[in-house]
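Step one of this worksheet: look at the structure below.
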Amino acid sequence: MPYKTYFDKIDAQLLKISPARDIMLLRVIAAVIPVVCFALDAFYDMPVLYWLGIPFYLICLALYLEALLKTILLMHKVSAELLIVLVMIVTLLDGEPLSGAMVAWFIGLGLYISFTIIRKNREKIEALIQDSKKTAQVLRGDQIHEIPLLEVQKQDVIIVAKGAMITVDGLISDGESSIDEAFVTGEPFPVFKQRGDAVISGTLNLTAPLKVVAEKKR
């Protein structure tokens, strides 16, 4: 796809100059500079600050325009960048770029924070999944044994601690808890589970320890 190659090259160059190699953070910084310049000009009547802010305003506009075109041409949908681009163009033509810069800053900052939280949560879940793929805590008699997951047998009782990943498909034999199934099923809200309910490997046990009877050998 020719568009993808073109945007990949642009993003590669932007990553080189982005703080923490984060293009969204670069957009936020590019927006806050003209906000400061235009605001100081409005308060102290210093036209030099206005003209100093204009290049950064145009850079910010170009960054969001690139992001908008990428979502339209590659994913065939519009995104929040559409609002930012339209407001920035209209306010610039109207001679009120401070408003456009503030919109770009507020929305961009919100997007940056939300995507950062999502990314960190995804990394934590993926790390838990990788760890959970290695071993399981199995109750045999009165003893808890940590064994390789491949050695788990059907009808083994698995101990799942609060905050731990559920490592096998099975049925809850003891306990009740809220389960985060978003990573597996896409369900956005935790699902309450109790004794007799089925659980899925790869989901996250949120509120209380559980005992789960493995349905099948891994």
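Packing here is the average count of other Cβ atoms within 10 Å per residue, and on that basis the peptides 38-51, 62-75, 140-153, highest first, run 62-75, 38-51, 140-153. Here the chain is treated with +1 on each Lys and Arg Cβ and -1 on each Asp and Glu Cβ, and its dipole about the Cα centre works out to around 700 debye.
Label segment 1-95 by shape, choosing from rounded, prolate and oblate, from the square roots a ≥ b ≥ c of the eigenvalues of the Cα gyration tensor; if a/c is under 1.5 it is rounded, and otherwise prolate applies when a/b is larger than b/c, oblate when it is not. Taking the square roots of the gyration eigenvalues as a ≥ b ≥ c, segment 1-95 is prolate.
I'd like to verify something in the chain: which complete DSSP H helices, judged by Cα projection on the helix axis, reach 27 Å or more and average at least 0.0 on the Kyte-Doolittle scale?
What comes out of the filter, once short or polar helices are dropped, is 23-44, 47-75, 97-132.
Counting only DSSP H runs of at least 4 residues, each contributing -39500 (n - 2.57), and dividing by the residue count of the chain, the helix-based mean residue ellipticity at 222 nm comes to -19000 deg cm²/dmol.
For the chain, the relative contact order is 15 percent, taking Cα pairs closer than 8 Å that sit 6 or more residues apart in sequence and dividing their mean separation by the residue count. Whole-Hz Karplus values for segment 165-177 come out as 7, 6, 9, 9, 6, x, 10, 6, 9, 7, x, 8, 6 Hz, taken residue by residue from phi with 6.51 cos²θ - 1.76 cosθ + 1.60 and θ = phi - 60°; glycine and proline positions read x. Pairs to check: LYS70/LYS120; LYS124/LYS162; LYS134/LYS193; LYS16/LYS124; LYS124/LYS154. Give those whose C-alpha atoms are more than 22 Å from each other in this structure. Beyond 22 Å: LYS70/LYS120; LYS134/LYS193; LYS16/LYS124; LYS124/LYS154.
Bear in mind that the values in this text are calculations on the coordinates, not laboratory data. Quick caveat, the model's predicted, so the values are computed rather than measured. Reconstructed Cβ throughout: ideal geometry from the backbone, glycine too, with neighbour counts over all protein chains shown.
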